[in-house]
1. Taking segment 6-27 as the region of interest, how many residues are more than 22 Å from ASN125 (Cα to Cα) and open to solvent by 60 Å² or more (accessible area, probe 1.4 Å)?
2. Restricted to segment 28-59, and to residues that are part of a loop (DSSP other than H, G, I, E, B) and acidic (Asp, Glu), which residue is least open to solvent (accessible area, probe 1.4 Å)?
3. Can you tell me which residue within segment 102-118, out of those that are assigned to a loop (DSSP other than H, G, I, E, B) and touching a residue at least 12 places away in the same chain (Cβ under 8 Å), is farthest from GLU128 (Cα to Cα)?
4. Answer yes if at least one residue in segment 85-96 is free of Cβ contacts under 8 Å to residues at least 40 places away in the same chain, of a type outside the set (Asp, Glu) and surrounded by 13 or more Cβ atoms within 10 Å (Cβ to Cβ), and no otherwise.
5. Would you mind telling me which numbered condition in (1) at pLDDT 95 or above; (2) in contact with a strand residue (DSSP E or B) (Cβ under 8 Å, 6 or more places away or on another chain) MET141 fails?
6. Quick check on segment 111-139: of everything there that is over 18 Å from the mean Cα position of the chain (by Cα) and not hydrophobic (A, V, I, L, M, F, W, C), which residue is nearest to ASP96 (Cα to Cα)?
Amino acid sequence: MVNVITRPTKVTASLPAAGQGAVLAQSGAGAKLANLASDEGFTPLEFMDAALSGCLVLSVRIAARKLGWLDRLKTVNVEVTHHKAHDMPSRVEAFDCAFQIDGDFSAAERDELIARAHDLCTVGNTFEQGAVVRDVPFAGMAQ
């Protein structure tokens, strides 16, 4: 029997009237929110890029495990670059994903890992399929 452990999914961003903002996940993880390009921390667009690259590296490992290739996987890196749309509304219109998969794989096997990673990646699938964004009452973080 598989024991599935879930992680809380709520994240709150806070920004004081003066000073730097922060993002805090209910799981306890946190990061500084960059107000300006010169600020330390992530911009919201960098958070999107990080979510996609993080999801894809984890998905490559999952794919390698499902294919029985995990013992051959040394490291995986995914570099994500976004491209903003030139027209309105303000949005990202495309993401470029560059994969570096180290291990004893043929070119065809690397392509298979990448294809399966895209199929598995919840973040990438959400970006491609879209999601409803809706406003609900603020409840704060449960302690």
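The values are calculated or read from the model by the stated rules, or taken from the named source; none is laboratory data. Just so we're clear, the structure is a prediction, and the values are computed from it rather than from any experiment. Ideal geometry is used to build each Cβ from the backbone, glycine not excepted, and the neighbour counts take in all protein chains shown. These area figures cover heavy atoms from the full protein model, side chains too; ligands, DNA and RNA do not enter into them. Shrake-Rupley method; radii C 1.70, N 1.55, O 1.52, S 1.80 Å.
1. Going through segment 6-27 one residue at a time, the tally reaches 9.
2. Going through the qualifying residues, I end up with ASP39.
3. Among those residues, the one meeting the criterion is ASP104.
4. No, segment 85-96 contains no residue that is free of Cβ contacts under 8 Å to residues at least 40 places away in the same chain, of a type outside the set (Asp, Glu) and surrounded by 13 or more Cβ atoms within 10 Å (Cβ to Cβ).
5. Status for MET141: all satisfied but (1).
6. ASP111
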